[in-house]
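Chemist: The following block contains the structure, expressed as structure tokens.
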Amino acid sequence: MDFTKKFLSSMKRIKNNSERTILILCLTSGFLLRLYGSTTVPRVLDEEEILRSVPSFSGATSMPAGSELTHNPPLVQYLLQWSLSAGGENTLAMRFPGVLFGTLTLGVLYLLVKKHVNTPTAQWALFFAAFSQFFIGFSRLLKPDGILLFFIVCILFFAGQARISRGKFYLWGAGFSMGLGLLVKLNIITLWPIILYYLFIDPANPKRFSMNDFLILHILIFLCVSPYVLWNVQHAWVDYSVKSSRAEFFSISLVPAALFLGEIFVFNLPEFASDYIFKICSIEYPFFNWVLGLICLGGAVYFLFRNTKNNLLNLLIWIFYSNFLFFSLVRPRTGGGYHFHLDNFWWAIVLVLPGLILGSAMLAEFLERFPRARYGVPFLIFYFILNAFSFISFPANGWVPNPGLKVRALCLTEQQYRQDGDILMAQKVRRYLLEHFPEESHCRDQKI
């Protein structure tokens, strides 16, 4: 309740009409883009696995604390169950939690950056997140990654507020956000050591929290995640063994680089056969738009060499580079690209929001120092808006920019449905193929 009052009072303090207009337009556009995008994409296999783990579809009498289908924590399944109960068993209701949390992410992101950096940086971060194909793509599907972004930005918000106010409420908020984030997907744990340093160890923080606060923070995290841990104890730690079998540590990987520059890699691989590219690329997820990816990487490099006294930006630099280094040394075992591996780039999703804020801060400073550069702003804005509408209007753009790979992925999806006996879904994929790729939609010709 206290947080809600503070949020509303923050909104009331936005007295500048243009600032309020930008905020409302970006939030409204972000919500509508995600909502429409959720209605234009056929279901993917990962979504079907999540659906089969909830009582509405599995026939179970109660919600599980884990899933041997998805090997992820159960919070997404609980959100799905509530959404289906309220909206019925349809695709829009199934994907609405992602749309809702994706939109909430925009609001918290704006408040975080406005409070701890400045308004221009907050506006750029909000605009990029609202119209980025990556953010839209991750929140238009029933996938844990888009919802994870919400808890990542909540951790950053509460940690930032806790540091400047030393209020227990904000410390508890950071703990609950971390615990609930762990109930969505476990890779959020890479935030944990940096947040601990930021609140409890950093010598630049004159209001460091006490050991009692440290214990309370971890008690809150454990209370949130304990049902999932207990479920794994009862199931021979099946999720952890599966995840460890999918990764090879201390092996060079392009996972974090592919997160931001995956499109550039794929566009510049014409000499490789589609079969090879298929092995190293993700099919279900949209690549980060390469322009925004360059802005994020540019911001990370810029603030690495620029001495800034801003506490939030320093925190984001630590998060960005620690995660970038860690995931550059973790190679996915799945696929066939070995070190040159563009699949599973979402492992490093914790990098996205720090990179986005750093890139937005760099752009805001650049435009302040070089006023003539503002003449290029309308073209940048037009490009991102056009890209967003193109992305939701043509669902096939959600996959890698290679028609042959898109067809092959859809053929594999159709084949999987037929093997599972779901003829209706197989026919739906077939109709999608005929509509979007009529000249190359014969799956019997694909090497599957």
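The values are calculated or read from the model by the stated rules, or taken from the named source; none is laboratory data. This one's a predicted model, so the numbers in the text were calculated from it and none came from an experiment. Glycine gets a Cβ as well: all are built from the backbone with ideal geometry, and neighbour counts include every protein chain shown. The accessibility values were calculated without ligands, DNA or RNA, using every heavy atom of the protein model including side chains. Shrake-Rupley method; radii C 1.70, N 1.55, O 1.52, S 1.80 Å.
Chemist: Residues to consider are LEU269, LEU254; find the one that is at pLDDT 80 or above, more than 25 Å from ILE147 (Cβ to Cβ) and open to solvent by less than 70 Å² (accessible area, probe 1.4 Å). Walk me through it before giving the result.
Modeler: Numbers: LEU269 fails: at pLDDT 80 or above.
After applying the criteria, what remains is LEU254.
Chemist: Of all the residues that make up segment 202-218, how many are loosely packed, with under 13 Cβ neighbours inside 10 Å and either in a helix (DSSP H, G or I) or under 24 Å from the mean Cα position of the chain (by Cα) (or both)?
Modeler: 3
Chemist: Filter segment 214-232 down to the residues that are under 25 Å from VAL330 (Cβ atoms) and without any contact (Cβ under 8 Å) to a residue 40 or more places away in the chain and list them by number.
Modeler: VAL229
Chemist: Just to be sure, is GLN81 surrounded by fewer than 21 Cβ atoms within 10 Å (Cβ to Cβ) and either under 17 Å from the mean Cα position of the chain (by Cα) or among the polar types (S, T, N, Q) (or both)? Let's see the steps before the verdict.
Modeler: Numbers: surrounded by fewer than 21 Cβ atoms within 10 Å (Cβ to Cβ): yes; either under 17 Å from the mean Cα position of the chain (by Cα) or among the polar types (S, T, N, Q) (or both): yes.
It is true that GLN81 is surrounded by fewer than 21 Cβ atoms within 10 Å (Cβ to Cβ) and either under 17 Å from the mean Cα position of the chain (by Cα) or among the polar types (S, T, N, Q) (or both).
Chemist: Further question on the same structure: Pick from segment 114-135 the residues that are open to solvent by less than 10 Å² (accessible area, probe 1.4 Å) and of a type outside the set (A, V, I, L, M, F, W, C): which of them is nearest to LEU33 (Cα to Cα)?
Modeler: Once the filter is applied, the top-ranked residue is SER132.
Chemist: Which one of VAL429, VAL400, VAL407 is among the β-branched types (Val, Ile, Thr), modelled with pLDDT under 90 and not in a helix (DSSP H, G or I)?
Modeler: From the options VAL429, VAL400, VAL407, the qualifying one is VAL400.
Chemist: Looking only at segment 357-365, decide whether some residue is within 19 Å of ASP145 (Cα to Cα), touching a helix residue (DSSP H, G or I) at 6+ places or on another chain (Cβ under 6 Å), modelled with pLDDT of 95 or more and part of a helix (DSSP H, G or I).
Modeler: yes
Chemist: Residue by residue through segment 86-100, note down the ones that are in contact with a Gly (Cβ under 8 Å, 6 or more places away or on another chain) and open to solvent by 30 Å² or more (accessible area, probe 1.4 Å).
Modeler: PHE96, the sole residue that qualifies.
Chemist: Turning to a different aspect of this structure: Just to be sure before I move on: is LEU92 among the hydrophobic types (A, V, I, L, M, F, W, C), part of a helix (DSSP H, G or I) and under 18 Å from the mean Cα position of the chain (by Cα) in the structure I sent?
Modeler: No.
Chemist: Something else about it: Is it true that some residue in segment 341-350 is farther than 28 Å from ARG43 by Cβ and either open to solvent by 30 Å² or more (accessible area, probe 1.4 Å) or touching a residue at least 24 places away in the same chain (Cβ under 8 Å) (or both)?
Modeler: Let us first name the residues in segment 341-350 that are farther than 28 Å from ARG43 by Cβ, namely none.
No: zero hits.
Chemist: Sticking with this one: Quick check on my filter: what residues within segment 310-340 are modelled with pLDDT under 85 and part of a loop (DSSP other than H, G, I, E, B)?
Modeler: Hits for segment 310-340 are ARG333, THR334, GLY335, GLY336, GLY337, TYR338, HIS339, PHE340.
Chemist: Could you give every pair whose Cβ atoms fall below 8 Å, whose first residue belongs to segment 161-175 and is outside any helix (DSSP H, G or I), and whose second residue is of a type in the set (Lys, Arg), counting only separations of at least 6 or pairs across chains?
Modeler: Pairs that qualify, where the first residue is outside any helix (DSSP H, G or I) and the partner is of a type in the set (Lys, Arg), are ARG166/LYS207.
Chemist: Determine which single condition PHE288 fails, assuming it passes every other condition in (1) modelled with pLDDT under 90; (2) surrounded by fewer than 21 Cβ atoms within 10 Å (Cβ to Cβ); (3) within 19 Å of LEU126 (Cα to Cα).
Modeler: Failing condition for PHE288: (2).
Chemist: Return a yes/no flag: does segment 136-158 have any residue that is open to solvent by less than 10 Å² (accessible area, probe 1.4 Å) and more than 23 Å from ASN344 (Cα to Cα).
Modeler: Yes, segment 136-158 contains at least one residue that is open to solvent by less than 10 Å² (accessible area, probe 1.4 Å) and more than 23 Å from ASN344 (Cα to Cα).
Residue by residue, here is whether (1) under 30 Å from TRP172 (Cα atoms); (2) modelled with pLDDT under 85; (3) in contact with a His (Cβ under 7 Å, 6 or more places away or on another chain) holds:
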{"site": "ILE14", "(1), (2), (3)": "yes, yes, no"}
{"site": "SER29", "(1), (2), (3)": "no, no, no"}
{"site": "ARG34", "(1), (2), (3)": "no, no, no"}
{"site": "SER62", "(1), (2), (3)": "yes, yes, no"}
{"site": "THR91", "(1), (2), (3)": "no, yes, no"}
